[in-house]
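Let me begin by presenting the structure, written as C-alpha cells, before commenting on it.
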Number of protein chains: 2
Amino acid sequence: MAAVGIKDVARLAGVSVGTVSNVLNRPDRVSADTVARVRAAIDELGFVRNDAARQLRVGHSSTVGLVVLDVGNPFFAELARGAEDAADAVGHSVILGNSDENVAREAAYLDLFEEQRVRGVLISPIGDVTSRLQKLREHGTRAVLVDRSGEGTGVSSVSVDDVAGGYLAVQHLLSLGRRRIAYLGAQFEIRQVTDRLEGARRAVAEVPGAALEVVTAEGLTVVHGRAAGQQLVRRPASERPDAVFAANDLLAVGLLQALVMTGDVRVPADIALVGYDDIDFASAAVVPLTSVRQPARLLGETAIGILLDEAADPELAARDVVFTPELVVRASTVDG
Amino acid sequence: MAAVGIKDVARLAGVSVGTVSNVLNRPDRVSADTVARVRAAIDELGFVRNDAARQLRVGHSSTVGLVVLDVGNPFFAELARGAEDAADAVGHSVILGNSDENVAREAAYLDLFEEQRVRGVLISPIGDVTSRLQKLREHGTRAVLVDRSGEGTGVSSVSVDDVAGGYLAVQHLLSLGRRRIAYLGAQFEIRQVTDRLEGARRAVAEVPGAALEVVTAEGLTVVHGRAAGQQLVRRPASERPDAVFAANDLLAVGLLQALVMTGDVRVPADIALVGYDDIDFASAAVVPLTSVRQPARLLGETAIGILLDEAADPELAARDVVFTPELVVRASTVDG
DNA sequence: GTGGCGGATTGAATCGTTTCACCACTGTAC
DNA sequence: GTACAGTGGTGAAACGATTCAATCCGCCAC
C-alpha cells in the first residue's frame, strides 16, 4: 500500500534524498544526528530500499546465483550453506537454483541469472556449459565451476580430488592389514567413479602382496549394493575379499545390509568396509560406516571467494582449486 | 563487456525503443517482419533484458521467494520442485532460501525478499512470523504459509493433515488384524508428533479390543529408534506390541535395524511397522518400509497458485488448504 | 575583515526498461 | 475528394535509487 520511497524519508527527516542515500550506504560521511534523524524516519515509515532501483543505477546486483545438480543431496545442501555464509559475510546473498540434472532447467537458471544481472554464478554443471559461461563472461558475468575441474577452459573452479579420496580409503584398509581389497562401483562412465578407482589402484600398487578386485554393481543405490553383497556372501569364504571400498555410501550401506542379514560375515572382522560421501546415514547404519568426506562447506566458501575476487578485478586469471577429502573412521573398519 | 541495451537493438533494427519493448512483451501488436528484424538484432548483439529496469518500471518482480526449514530434507526439496514447476508455467521463477531452522536466517531472507520486491513469499516458518508477514502485506507483498496451518491469522496456508496421516497408518495396522499397537514418538512439543498420535488414537478408538501404547524415544533419529527397538526386544514376547507406528521414517528405520539384528523378532510377522514421510531410505531399508507420504509437490504447486491469485487480486480472502496424506504399503506390514 | 579550508549537504543527471498518448499511413465507404 | 477506422510505430515521461559537482556553513589564521 504505502510505496514509501527515499523521497518520503527525506521529507520527513527534513533532508535531501542524497543525504538519505548516504545514510544508507556511507553513514560515516553524514553527521551523527542527521543519521539518527534519518534512521528514525526510516523506522517510522517502514521504508525498505527498492533493490531494483539501486541495482539499475549501480549496474549490478549484490546477489550471486548458485545452480546445483540436486538440492536434496546433502553434499550440495552443505555446499550451499558454505556459499551463503561466505556471501553473507560480505553483504551479498545467494539465490539457489536446482537443475535436477536437467539441462533445460540448468539453462533456464542461467538465463534468469543473467537477466537479473547477478554478480556471478556458481554452477555444478550437468551439460557442457563452457560456451555458455564464456558468453556470460563476455557480458560481464563471472562464473565458477563447483565440484568439477575447470581444466583449462578459462573458467575458475573448485573441486575435490577423487583420486586422493580413493587412495585415502584404500590406504586405510591396507594399513589395517587387509590385502584382498575389492572396489565396488557402477556406472564407470562417471568420472568420480573411475577417479576413486584410480586412487585405489595407486594405493594397492604401493603395497606388495596386496590385490585389488573390481566388482561391478548395476547402479549406485542401496538396492544395488545389497545385490552385490548377496553375491559376495555366496562365494566360499576363502574367495571373499577381506575389505571393500564402495564408490559411494549408498552402495556401502546396501552391501552392509546384505552382509549383516546373513549373519555369516562379520564387519569389520571378516570384511572391513569403507564408503564415500559420508552421508547422514553412514553414521546411522547398523555398523557405523567409515567413509570419505568431502569438504562441501569449504568448497562453497572458496567458490564465493574466487567469484567475488574476479568480479572485483576482471583481469584476474582463472584459478583451479582442488581440495583433498578426509577420511572419517568408524566401526565398519575399526572395532570400537 | 558490451552492456547492450534496448536502444542499441532499436538502432540496429532501425526501429524505436518502444517497438523493441513491444516485441519483447506483446509481439502480437507488431508486424511480423518487424518482429523478425528485431529478433535478429537481439541475437546479433546478444541482448539480454535488464530485469532491474523492467522491475523498477512495472513495480514488482516476477520472482517469488521460498523459505524452507531445511533444503536437505527431501520433503522440502520436493515441495520446492512443485513450486518451481508451477511458477515456471506462468512465467515466474522461484528463489530458494534455506532458514535451517534458524530464526535469524529466516528474518534475513524475508528482508532480502522484501528489498527485491518479490511477487510474494512462500514460507515454512520457524519462529512466530505472523506479525512480520502482516507487515509484509502492508507493504504489498503477499505470503503463504506452507506445511503449517494459517489458523485465522489472516495469512493463507497449505498444509497436510497429520491427524489424518496417523489415522491412516493405524487403521492400516488394525485392518491387518493387529491389536496391540505402539506409537513411537519423541519431542512431543512438535505439533506434527502429537497430531499423528491423535490420529492413531482415533483409529484405535474405533476398534474394540485394540490398545495403543505410547513409547517415547529420546529424539527423532535413527539412533534413537534403534535404542527404542533394543528396549522392545528385551521385553518378554508376550508383552511386545504386534505393530508399531513410528512418528517418522528415521525412527522406524532405527527400530527396524534393532529388530532385525537380534533375529528374534520377524517383521512383519511378529511386529508390523509403519513409518512417516516416505523418505528414500524407507523403500531401501532391509525390509522395505510401509510409510505415510505427504503430497509435497502438490503442496508447492498449490501454494504458488494461491500466492499468484492473491497477488493478482489483493482483496481475496485468505485460504487454508489442507491436504490428506497417502499410505504407501510395503513389506514391513504386508509380506510379499 | 578577508580568505581559505574542510566537512556536511544538496539536487540534478543518470541507469534501462515500460507505457501511453499520439502520429502516419492505408484502405474503405460515401 | 473527404472522412474514418484500423494498424503499426514513435518518443518522451516515469519508475526510485545513486552519484558527483556544486554549494553552504562554521571556524580559524592572518
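The values are calculated or read from the model by the stated rules, or taken from the named source; none is laboratory data. Owing to the predicted nature of the structure, the values given are computational and were not obtained by experimental measurement. Note that we place each Cβ from the backbone using ideal geometry, even for glycine, and neighbour counts take in every protein chain shown.
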* Wholly within region B:79-196, helices (runs of 4 or more DSSP H) carrying at least 3 residues that are within 21 Å of the chain's Cα centre (by Cα) and more than 14 Å from chain A (Cβ to nearest Cβ) -> B:162-175
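Go through region B:50-69 and report how many residues are within 16 Å of DNA strand D (Cβ to nearest atom) and touching a residue at least 12 places away in the same chain (Cβ under 8 Å). So that I can check it myself, show each step before the final result.
Initially, region B:50-69 is screened for residues within 16 Å of DNA strand D (Cβ to nearest atom), giving B:50-62.
Add one more test, that the residue is touching a residue at least 12 places away in the same chain (Cβ under 8 Å), and what stays is B:50, B:55, B:59-62.
Final tally of qualifying residues: 6.
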* To do: From (1) surrounded by fewer than 12 Cβ atoms within 10 Å (Cβ to Cβ); (2) farther than 17 Å from residue A:118 by Cα; (3) within 42 Å of the chain's Cα centre (by Cα), pick out the condition that doesn't hold for residue B:32.
  => (3)
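Within region A:11-37, which residues are in contact (Cβ under 8 Å) with a residue 12 or more places away in the chain and either within 11 Å of DNA strand D (Cβ to nearest atom) or closer than 23 Å to residue B:141 by Cβ (or both)?
A:12, A:19, A:20, A:21, A:23, A:24
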* Restricting attention to region B:35-69, report how many residues are loosely packed, with under 15 Cβ neighbours inside 10 Å and more than 9 Å from DNA strand C (Cβ to nearest atom). => 5
* **Selected residue [in contact (Cβ under 8 Å) with a residue 60 or more places away in the chain and in contact with a helix residue (DSSP H, G or I) (Cβ under 7 Å, 6 or more places away or on another chain)] from B:269, B:243, B:258, B:228** => B:243
* Asked: Given (1) in contact with an Asp or Glu (Cβ under 8 Å, 6 or more places away or on another chain); (2) under 19 Å from residue B:220 (Cβ atoms); (3) outside the structural domain of residue B:255 (by TED's automatic domain parsing), where does residue B:102 come up short, assuming only one miss?
  -> (1)
* Name every residue in region A:3-20 that is surrounded by 17 or more Cβ atoms within 10 Å (Cβ to Cβ), away from chain B (no Cβ under 14 Å) and either near DNA strand C (Cβ under 9 Å from one of its atoms) or not aliphatic (A, V, I, L, M) (or both), in order of residue number. => A:10, A:13, A:15, A:19, A:20
* Structure fact -> Scanning region B:228-262 for residues that are β-branched (Val, Ile, Thr) and touching an Asp or Glu at 6+ places or on another chain (Cβ under 7 Å) gives B:233
* To do: Out of A:65, A:18, A:14, report the one residue that is within 40 Å of the chain's Cα centre (by Cα) and of a type outside the set (A, V, I, L, M).
  => A:65
* Segments classed as helices (runs of 4 or more DSSP H), wholly inside region B:216-328, with at least 2 members that are over 30 Å from residue B:82 (Cβ atoms) and away from every other protein chain (no Cβ under 14 Å) -> B:222-234
